[in-house]
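The values are calculated or read from the model by the stated rules, or taken from the named source; none is laboratory data. Keep in mind that this is a model prediction, so the values were computed, not measured. Note that we place each Cβ from the backbone using ideal geometry, even for glycine, and neighbour counts take in every protein chain shown. Only protein heavy atoms, including side chains, enter the accessible area calculation; ligands, DNA and RNA are left aside. Shrake-Rupley method; radii C 1.70, N 1.55, O 1.52, S 1.80 Å.
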Amino acid sequence: MRDSSYYDEDNWLKAFMLVYWLFFLFLLGSPPLYGQVINLDSLYVIWQDQNQPDSTRAIAYHEYIKESSNTINPDSSLVLINELIEFSKLHDFREGYNLGLSRKCWAYFNLGKYNLALDIAELLLKNYQESDEKTKIAWSYNRLGTIYNRLGSHSMALKCYLKSLKILENLKDKKGIASLINNIGNLYTGQKDYPMAMDYYKRSLKIAEEIRDTHNIVLALKNISWNFSHQKLYEEAQGNNLRILRIYEKLKNKEGIAITYGRIGSIYLEQDLFVKALDFHERSLNINKKLNNRYGIALDFDNIGNVYFEKGDYNKARYYHNQSLEIREELGDKPQIIWSLNKKGTAYLKLGNYDEALNMCKRSFSICEELNQLAEMYSACDCLYKSYKAIGKNNEALAYLEKRNEINDTLKREETSRLLQKMEFDEQAFVSELQYQQSISDEKLKKNIFLLLGIIALLLTIGLFTRLHYVRKTEAILKEKNQQVEAEKEKAKASEKAKQQFLANMSHEIRTPMNAIKGMTDILLRRTPQSEQLSYLNAIKESSNSLLVIINDILDISKIEAGKIDLEEIPFSLKEVVDNVNMIMNFKVEEKGLLLKMDMKEGIADKVIGDPTRLHQILLNLTGNAIKFTEKGMVTIQLKTEEFDDGKMMANFCVSDTGVGIGKDHLEKIFETFEQAYSDTMRKFGGTGLGLSISKKLVEIQGGKIWAESKKGKGSQFYFTIPFKVDTQQESTIPEEQTSNDENIAAQLKGIKVLLVEDNQFNAIVAQEELEDAIEEVEVEIAENGVIAIEKVAHGDYDIILMDVQMPVMNGYEATHAIRNLSNGKANTPIIAMTANVMKEEIERCYEAGMDDFIGKPFDTEELLKKIYLLKK
């Protein structure tokens with residue numbers, strides 16, 4: 001016979017397995033968390049696997065359809081949904097059947113077929129009422145409310161929302177309550193009752209913040225922003241958008257960041273700030289292209305087209321609306337197709353291309369009739385009337401004029417009906433407010449009851465704790481033995497971590513005085529020194545630059561070895577990178593009397609997607625080495641490319657020289673860390689022996705390879721190849737007028753007020769002198785630590801804060817956090833971190849603390865001015 005402890009263990013195991021499978025099914029049937037990646041292929045494999053249980057297959061297929069909705073059009077989605085419904089009916093799986101109906105409802109909704117969506121929503125409500133599933137009944141009412149709202153039946157929408165809200169309050173579902181209150185706020189927004197809508201949005205935000213529900217926090221902030229925008233309170237609207245942006249950036253939710261950029265751009269357009277509007281819409285477009293978010297790309301194209309239309313550039317407006325239209329037609333998004341057709345048709349009308357205007361608006365008119373979209377049909381008729389009138393076809397013009405007026409009368413009648421509905425809506429809303437206040441009173445009573453139950457639960461917990469204490473004591477003995485095994489592993493990890501920390505600390509400690517040395521040297525050189533002083537100052541400058549190169553090399557090699565190099569994936573030109581290296585290195589070859597030659601074939605495809613910064617670094621290292629070891633002759637940079645059928649290409653580079661060369665027996669070790677070809681190389685030519693090692697590692701992490709060929713006394717050839725994706729978007733979408741003139745940045749910053757937070761006296765002098773030399777009438781105040789900085793910000797006005805990170809009394813992170821929590825309107829003052837620690841972890845920590853940007857020491861004055869300018873725009 002087994003003893004009781006054995007039975008206890010067996011029961012614990014069963015309980016654990018039950019919770020595990022419930023949790024798995026919950027994840028499978030729940031919407032994805034922010035940043036969670038759904039593997040569509042894995043879901044489809046489960047659906048196709050006939051050995052899996054029918055319920056598992058159906059749920060997996062539902063998730064597959066839901067997550068695929070951004071890449072296929074609603075009509076195609078309906079085919080998959082109907083397949084799921086038929087499968088669930090055949091296998092008598094009720095939950096799969098209802099999930100299929102839910103997806104079908106939203107598919108019809110997205111197609112603009114609201115009455116069909118309404119029929120399915122009512123069927124779903126009936127199904128869940130029969131099975132008495134309270135939560136799903138609540139969300140069925142919510143679904144009905146959303147559809148009624150779109151149909152314009154606001155009173156019915158409110159009734160459905162209130163029924164849903166009552167159920168969720170009984171279930172204590174605060175997340176659901178926050179979402180429902182948001183929807184009620186949207187109803188008031190539809191009635192243009194912005195103060196009442198704002199009250200509901202703030203209620204929703206308060207609940208969401210209490211339970212830390214990021215989704216509903218963002219939803220409430222978005223609605224609050226639009227509410228302010230409707231009231232033309234643009235500064236308040238953008239403030240909420242920036243808060244949303246910080247949330248998405250912290251979550252690394254790129255899709256959310258793109259959506260927020262789009263909202264910011266739209267509000268700037270309402271203010272006729274066209275340059276800023278274009279900037280943010282194009283930021284959104286760039287992200288959506290990387291994510292291949294077709295719906296997002298189409299919306300961005302339309303938004304950019306709107307900006308150009310308002311600017312009067314109808315050609316560009318037509319171009320972007322056409323780009324959007326092509327995507328929307330591919331996705332089958334009919335309500336949005338109407339909008340794009342009307343916009344494109346109006347642009348053609350403005351350009352005098354009446355035939356194309358007629359073509360666009362006739363297509364729009366046809367879809368409007370199908371979906372009964374009167375407001376957009378009015379716009380189509382207006383464009384058709386004006387186009388026919390312009391080409392002298394008066395009969396057709398008169399017909400569409402009469403149709404436009406008829407639609408206008410219908411819209412006016414609907415507006416009158418809406419006002420009558422609003423009276424009924426307001427009456428219901430008053431009743432719901434009284435019910436809400438009553439529910440608050442009931443909640444207080446229930447809290448007292450729960451307090452008593454909590455005391456009882458505490459006593460039970462103490463008894464359970466005594467039992468668990470014995471179990472944990474046994475577990476502790478086993479854990480101790482496991483820890484001994486893990487200890488040895490941790491020693492190895494600690495050794496590697498100590499090495500990386502040493503390199504980072506060494507870099508920081510050297511960079512701090514280097515900032516003062518380099519900065520003060522530059523300042524003295526600008527002060528017109530005496531001729532005998534000039535040579536000494538130039539020597540100090542060259543020595544500090546050399547030391548800085550060594551520090552940067554050490555940092556690079558430590559980051560690469562720790563696997564902390566993040567590669568960019570952005571469009572760029574190979575030729576432009578090579579030309580930039582040529583420009584930088586030209587003065588060095590002129591000093592030595594050498595020739596620097598570029599060998600690039602005309603017509604080669606050089607538009608690629610990859611990391612231009614790392615390619616630039618590799619070419620600079622190899623070209624700098626070639627120049628250093630060449631006394632006469634030339635250095636050549638050669639570029640050849642090979643294109644492949646899969647949208648990729650191979651870039652082949654060769655940096656050759658006529659220098660001292662390397663013997664065959666030394667070629668193998670030149671790419672090793674801290675190694676040089678010969679023992680006297682450092683004495684003769686300088687350097688750390690890190691440049692080639694860094695180049696090799698940077699090439700390899702990009703999937704390429706590097707090698708060298710050389711003969712002693714006859715020069716060297718360094719070859720490397722890197723595969724890149726071909727950039728098919730050859731034309732830039734950035735308008736010329738948007739790019740800022742760097743030479744005028746200092747002039748545009750004239751008279752700004754800067755707070756410099758820096759405890760090192762010498763570094764403070766350097767930063768102050770650099771700013772005063774660069775910016776006319778600049779005011780620079782210095783705070784020696786974070787406490788002083790907070791006091792100055794609270795009682796003063798500053799355009800920008802330059803914040804050191806490591807300071808006594810209070811460091812830069814704590815000071816930034818305190819400034820962001822100020823309640824006197826100073827919380828949004830831009831902050832740029834200035835620190836000698838340029839490791840990735842340090843930069844991320846600065847952004848997490850609430851800083852807006854980052855610059856390392858020693859800093860480049862031009863780079864600092866650009867960062868200040870971008871934050872001041």
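Regarding the range 752-763, can at least one residue be identified that is in a helix (DSSP H, G or I), at pLDDT 90 or above and of a type in the set (Phe, Trp, Tyr)?
Scanning the range 752-763 turns up no residue that is in a helix (DSSP H, G or I), at pLDDT 90 or above and of a type in the set (Phe, Trp, Tyr).
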Pairs needed: first member in the range 130-146, under 13 Å from residue 94 (Cβ atoms); second member anywhere, surrounded by fewer than 19 Cβ atoms within 10 Å (Cβ to Cβ) and of a type in the set (S, T, N, Q); C-beta distance under 9 Å; at least 6 residues apart or different chains.
133/127; 136/127
What are the residue pairs meeting all of these: first residue in the range 381-397, first residue acidic (Asp, Glu), second residue open to solvent by less than 90 Å² (accessible area, probe 1.4 Å), Cβ atoms under 7 Å, and 6 or more apart or on different chains?
382/404; 396/388
Give me a count of the residues in the range 173-225 that are among the charged types (D, E, K, R) and at pLDDT below 90.
2
Can you confirm whether the range 167-182 contains a residue that is free of Cβ contacts under 8 Å to residues at least 60 places away in the same chain, over 20 Å from residue 143 (Cα atoms) and crowded, with 21+ Cβ neighbours inside 10 Å?
no
Taking only pairs six or more apart or across chains, which ones have beta-carbon atoms under 8 Å, a first residue in the range 650-662 that is over 23 Å from residue 575 (Cα atoms), and a second residue that is in a loop (DSSP other than H, G, I, E, B) and aromatic (Phe, Trp, Tyr)?
659/629; 660/629
Any residue at all in the range 615-631 that is in contact with a strand residue (DSSP E or B) (Cβ under 6 Å, 6 or more places away or on another chain), over 20 Å from residue 693 (Cβ atoms), crowded, with 18+ Cβ neighbours inside 10 Å and not basic (Lys, Arg)?
yes
Of (1) within 29 Å of residue 524 (Cβ to Cβ); (2) modelled with pLDDT of 90 or more; (3) of a type in the set (D, E, K, R), residue 852 satisfies all except one. Which?
(1)
Quick one: what pairs do we get from the range 147-164, first residue without any contact (Cβ under 8 Å) to a residue 60 or more places away in the chain and farther than 11 Å from residue 186 by Cβ, second in a helix (DSSP H, G or I) and open to solvent by 40 Å² or more (accessible area, probe 1.4 Å), C-beta under 8 Å, 6+ apart or different chains?
148/156; 151/115; 164/139
Here, helices (runs of 4 or more DSSP H) confined to the range 277-363 with at least 3 residues that are surrounded by 17 or more Cβ atoms within 10 Å (Cβ to Cβ) and among the β-branched types (Val, Ile, Thr) are 294-311, 334-351
Checking the structure you have, find out if any residue of the range 550-570 is part of a loop (DSSP other than H, G, I, E, B), at pLDDT below 70 and either open to solvent by less than 60 Å² (accessible area, probe 1.4 Å) or touching a strand residue (DSSP E or B) at 6+ places or on another chain (Cβ under 9 Å) (or both).
yes
If you go through 253, 241, the only one that is within 16 Å of the chain's Cα centre (by Cα) and without any contact (Cβ under 8 Å) to a residue 60 or more places away in the chain is 241
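Kindly evaluate residue 25 against the criterion of being assigned to a helix (DSSP H, G or I), within 30 Å of residue 254 (Cβ to Cβ) and at pLDDT below 50.
yes
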Taking residue 67, is it acidic (Asp, Glu), under 25 Å from residue 176 (Cα atoms) and modelled with pLDDT under 80?
yes
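To keep it simple, each residue is scored yes or no on (1) open to solvent by 50 Å² or more (accessible area, probe 1.4 Å); (2) modelled with pLDDT under 85; (3) not in a helix (DSSP H, G or I).
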residue: 45; (1), (2), (3): yes, yes, no
residue: 52; (1), (2), (3): yes, no, yes
residue: 72; (1), (2), (3): no, yes, yes
residue: 77; (1), (2), (3): no, yes, no
residue: 81; (1), (2), (3): no, no, no
residue: 92; (1), (2), (3): yes, no, yes
residue: 96; (1), (2), (3): no, no, no
residue: 115; (1), (2), (3): yes, no, no
residue: 126; (1), (2), (3): yes, no, no
Of the residues 374, 349, 358, which is farther than 27 Å from residue 286 by Cβ, touching a Ser or Thr at 6+ places or on another chain (Cβ under 9 Å) and at pLDDT 90 or above?
358
One residue is enough: does the range 200-214 have a residue meeting the conditions open to solvent by 30 Å² or more (accessible area, probe 1.4 Å), over 20 Å from residue 187 (Cβ atoms) and under 19 Å from the mean Cα position of the chain (by Cα)?
yes
Could you please find all residues in the range 165-199 being under 26 Å from the mean Cα position of the chain (by Cα) and more than 21 Å from residue 227 (Cα to Cα)?
175
Condition first: under 36 Å from the mean Cα position of the chain (by Cα), at pLDDT 85 or above and not charged (D, E, K, R). Can you find one or more residues in the range 632-639 that meet it?
yes
Considering only residues that are in a strand (DSSP E or B) and surrounded by fewer than 21 Cβ atoms within 10 Å (Cβ to Cβ), which ones fall in the range 804-855?
832, 853, 854, 855
Is it the case that some residue within the range 405-412 is at pLDDT below 90, surrounded by 18 or more Cβ atoms within 10 Å (Cβ to Cβ) and over 29 Å from residue 116 (Cβ atoms)?
no
Restricting to the range 678-721, and then to whatever is more than 44 Å from the chain's Cα centre (by Cα), surrounded by 16 or more Cβ atoms within 10 Å (Cβ to Cβ) and not in a loop (DSSP other than H, G, I, E, B), can you tell me which residue is modelled with the highest pLDDT?
716
Out of the range 586-614, which residues are open to solvent by less than 10 Å² (accessible area, probe 1.4 Å) and of a type outside the set (Asp, Glu)?
589, 608, 610
Return the residues of the range 216-256 that are of a type in the set (Val, Ile, Thr) and open to solvent by 20 Å² or more (accessible area, probe 1.4 Å); say none if nothing qualifies.
217, 247
